[in-house]
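The values are calculated or read from the model by the stated rules, or taken from the named source; none is laboratory data. If you're wondering where the values come from, they're calculated on a predicted model, not measured in any experiment. All Cβ positions, even for glycine, are placed from backbone atoms using ideal geometry, and neighbour counts span all protein chains on display.
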Amino acid sequence: MSVSELQALESRWLMPTYERAPVEFVRGEGARLWDVDGKRYLDFFAGLGVMNAGHCHPRITEAIREQAGRLVGVSNLYYSEPGVRLGERLAESSLGGRVFLCNSGAEANEAAIKLARKHAHARGIAKPEVVVLDSGFHGRTIATLTASPKIASEELFGPLPRGFRTVARDDAAALEAAVGGSTAAVLFETIQGEAGVHPIPDDVVAAARRACDATGALLVVDEIQTGMGRTGSLWAWEQGPARPDVMSAAKALGGGLPVGACVTSPGLEDVLAAGEHGSTFAGAPLAASAALAALGVLDDPALLRRVRELGARLASSLTELDGVAEVRGRGLMLGVALVDGLDGPAVAGRALDGGLVINAPDPMTLRLLPPLVIGSAEVDEAVGVLARCLEA
Ligand code: PLP
């Protein structure tokens, strides 16, 4: 089937919620993708920060194959080992409390919001509030889109739930002032991904920790895009000034399969009790086995060191290019701000034609999220393609 036939079929049967580039990918290996015509691409988008271990990593593929041949799914009303092992592995590699498994980032944040609200009720707060940062993105369910100021449209999706308050992302004093006696949680990404790769300043992160400590509110960090090694540590908060009380993870966690998780620190393990939360597919053996394999690949000090080294090489090469105003981010999560007169989506389109997959989260920014298994040759190749696209 040609791409134009596929487009016609899609427009007949799928809701038009995505703007897709006219390319059909049919195969992937490491940082390479192939389209239906056999053209080869260098993938610096990794399925929007999902394929951190690269496409079809042998250890993840083998784990999926092995588990798929044995047991794909069981109800959460029975036991199965991979999901429990995943909880152990995740908690031990992060906050040390307990884990609620689910199937996406939005669901992981929903769990965190429910947990924070129930925790606040137990502290005597009748109308708890979650403080979020301007331009943050936490998902597209009704609660998580309300927590994502840019897409929280009352007009389109109202009535939106109450209990969310937005503050500027770069104002430590405003954040501290916004957190008070009715705050259940402060929720943010340490590097805002969908907003165009904007790191939250350390003083704002430290102020959030201070304000939570002073009031009893929970510090909830969304690691859905920044986690699983993306920034050069398994979790991005490890490189910042504050340890969260609760963390959400998804995207690369499942090694390509849909897995999300809400992880607590000790002391919050029992906030959500039996029957108060759940999800049919959560923690099922197939997805959990893929996630365990993904953690096995990505939670590796040598790989994480390499992410920091390659990220620095990529950032400094990009900074040198004509047309680049600024490079933001950490590790292999980079945003490239373009000079006035350049159009991000047009540059990303030229890159795709040139065999490089990148994304433009806004008209002035390119976003690079390559698989973490790339080498310096791929970094240099991507910079070469981008240089030509920016000249054009
Ligand atoms: N939080 C962040 C920081 C994200 O980047 C995303 C997705 O892009 C989400 C939450 C939502 O994740 P999902 O699309 O898996 O629901």
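Before we move on, is Gly105 closer than 30 Å to Leu334 by Cα, at pLDDT 95 or above and touching a strand residue (DSSP E or B) at 6+ places or on another chain (Cβ under 9 Å)? Steps first, please.
Working: closer than 30 Å to Leu334 by Cα: yes; at pLDDT 95 or above: yes; touching a strand residue (DSSP E or B) at 6+ places or on another chain (Cβ under 9 Å): yes.
When the stated conditions are applied, Gly105 passes them.
State all residues of region 227-276 that are part of a loop (DSSP other than H, G, I, E, B), of a type outside the set (Gly, Ala, Ser) and touching a strand residue (DSSP E or B) at 6+ places or on another chain (Cβ under 6 Å); if no residue qualifies, say none. Of everything in region 227-276, those that are part of a loop (DSSP other than H, G, I, E, B), of a type outside the set (Gly, Ala, Ser) and touching a strand residue (DSSP E or B) at 6+ places or on another chain (Cβ under 6 Å) turn out to be Arg230, Thr231, Pro244, Asp245.
Screening Arg243 against (1) over 16 Å from the mean Cα position of the chain (by Cα); (2) of a type outside the set (Ser, Thr, Tyr); (3) within 15 Å of the ligand (Cβ to nearest atom) leaves a single unmet condition, (3).
Only strands (runs of 3 or more DSSP E) whose full extent lies in region 1-69 are considered here, and the ones with at least 2 residues that are charged (D, E, K, R), without any contact (Cβ under 8 Å) to a residue 60 or more places away in the chain and surrounded by 12 or more Cβ atoms within 10 Å (Cβ to Cβ) are 25-29, 32-35.
Sort through Ser4, Ser75, Ser11 and tell me the only one that's more than 20 Å from Ala351 (Cα to Cα), of a type outside the set (A, V, I, L, M) and in the same structural domain as Ala284 (by TED's automatic domain parsing).
Ser75
Screening Val220, Val167, Val204, Val179 for residues that are surrounded by 21 or more Cβ atoms within 10 Å (Cβ to Cβ), within 15 Å of the ligand (Cβ to nearest atom) and among the aliphatic types (A, V, I, L, M) leaves exactly one candidate, Val220.
Looking across region 126-164, just one residue is assigned to a helix (DSSP H, G or I), surrounded by fewer than 16 Cβ atoms within 10 Å (Cβ to Cβ) and touching a residue at least 24 places away in the same chain (Cβ under 8 Å), and that is Lys150.
Rundown of residues vs (1) assigned to a loop (DSSP other than H, G, I, E, B); (2) over 22 Å from the mean Cα position of the chain (by Cα); (3) modelled with pLDDT of 95 or more; (4) hydroxyl-bearing (Ser, Thr, Tyr), yes/no style:
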position: Gly278; (1), (2), (3), (4): yes, no, yes, no
position: Phe281; (1), (2), (3), (4): yes, no, yes, no
position: Ala291; (1), (2), (3), (4): no, no, yes, no
position: Leu295; (1), (2), (3), (4): no, no, yes, no
position: Arg305; (1), (2), (3), (4): no, no, yes, no
position: Glu309; (1), (2), (3), (4): no, no, yes, no
position: Ala325; (1), (2), (3), (4): no, yes, yes, no
position: Ala337; (1), (2), (3), (4): no, no, yes, no
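Against the numbered list (1) crowded, with 16+ Cβ neighbours inside 10 Å; (2) farther than 26 Å from Leu234 by Cβ; (3) out of contact with any helix residue (DSSP H, G or I) (no Cβ under 9 Å at 6 or more places or on another chain), Ala315 comes up short only at (2).
What about Val373, is it closer than 26 Å to Arg40 by Cβ and aliphatic (A, V, I, L, M)? It is true that Val373 is closer than 26 Å to Arg40 by Cβ and aliphatic (A, V, I, L, M).
One line per residue, one yes/no per condition, for (1) within 16 Å of the ligand (Cβ to nearest atom); (2) outside any helix (DSSP H, G or I):
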| position | (1), (2) |
| --- | --- |
| Ser75 | no, yes |
| Leu86 | no, no |
| Arg89 | no, no |
| Phe100 | yes, yes |
| Lys118 | no, no |
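Any residue in region 276-284 that is more than 18 Å from Thr226 (Cβ to Cβ), surrounded by fewer than 19 Cβ atoms within 10 Å (Cβ to Cβ) and among the β-branched types (Val, Ile, Thr)?
Within region 276-284 (the criterion being more than 18 Å from Thr226 (Cβ to Cβ), surrounded by fewer than 19 Cβ atoms within 10 Å (Cβ to Cβ) and among the β-branched types (Val, Ile, Thr)), the answer is yes, since at least one residue qualifies.
Could you please let me know if Ala152 is more than 22 Å from Gly216 (Cα to Cα), assigned by TED's automatic domain parsing to the domain that holds Ala217 and within 16 Å of the ligand (Cβ to nearest atom)? For Ala152, the condition - more than 22 Å from Gly216 (Cα to Cα), assigned by TED's automatic domain parsing to the domain that holds Ala217 and within 16 Å of the ligand (Cβ to nearest atom) - is met. Can you find a residue that is under 18 Å from Gly283 (Cα atoms) and basic (Lys, Arg) anywhere in region 59-69? Yes, because at least one residue in region 59-69 is under 18 Å from Gly283 (Cα atoms) and basic (Lys, Arg).
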